[in-house]
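Please read the structure below before turning to the comments.
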Amino acid sequence: MKNLFFSMFFLLFLLFFFASISKAIIPCGTVDPKAAACVGFATGKAATPTPACCRGLQQLAQSVKTVDDKKAICRCLKAGAKSLGVQDRFLSKIPDACKIKVGFPVSTSTNCETLVY
């Protein structure tokens, strides 16, 4: 569950970068499972993000269709990150480690409501 929330946070950032046009809003029930594999790295318990972490985040990024999708994913990930002990110093390394371009700083302090498409 902790892995899922952290992964969701990271995926939200990825989604912002890979956004495309659509009307659907992505629910936390979709975000959490895709981000779960990233918790070990984001909390400092693993040396690198797992391939499952990177795949899940890439899938989330590709599913973003609107700015509302980005904001929803961000909110899901932030909620999980708080409860899981995610550390920004590890979180911020995930985009480079997974070769994903996000387009903004990845942090637990990101204001999800200010994200733009």
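How much of the accessible area of segment 44-117, in percent, comes from carbon and sulfur atoms when a 1.4 Å probe is used? Of the solvent-accessible surface of segment 44-117, carbon and sulfur hold 53 percent. What the Cβ-Cβ distance of ILE25 and LYS45 gives, at R0 = 30 Å and to the nearest 0.05, is a FRET efficiency of 0.45. Placing a pseudo-label 7 Å from each Cα along the Cα-to-Cβ vector at ASP96 and SER83 gives an inter-label distance of 3.1 nm. Of the listed residues PHE41, PHE90, the order by accessible area with a 1.4 Å probe, largest first, is PHE90, PHE41. Which of rounded, prolate or oblate describes segment 44-111 when judged by the alpha-carbon gyration tensor and an a/c cut-off of 1.5? In terms of gyration-tensor shape, oblate.
Once a ≥ b ≥ c are taken as the square roots of the eigenvalues of the Cα gyration tensor of segment 75-117, is the result rounded (a/c under 1.5), prolate (a/b larger than b/c) or oblate (a/b not larger than b/c)? Oblate, since a/c reaches 1.5 and b/c is not below a/b.
Rolling a 1.4 Å probe across the protein heavy atoms gives segment 58-117 an accessible surface of 52 Å² per residue.
Taking a straight line from the alpha carbon of LYS45, these lysines sit under 21 Å away, with near neighbours fewer than eight places off in the same chain left out: LYS2, LYS34, LYS78, LYS82, LYS93, LYS99. What the phi angles of segment 73-83 give under the Karplus curve with 6.51, -1.76 and 1.60, with θ = phi - 60°, is a coupling list of 5, 4, 4, 4, 5, 5, 4, x, 4, 4, 7 Hz, glycine and proline written as x.
The values are calculated or read from the model by the stated rules, or taken from the named source; none is laboratory data. The model shown is predicted, which means the values in this text are computed figures rather than measured ones. So basically every Cβ, Gly included, is an ideal-geometry build from the backbone, and we count neighbours across all protein chains shown. Ligands, DNA and RNA are excluded from the accessible area calculation, which covers all protein heavy atoms including side chains. Shrake-Rupley method; radii C 1.70, N 1.55, O 1.52, S 1.80 Å.
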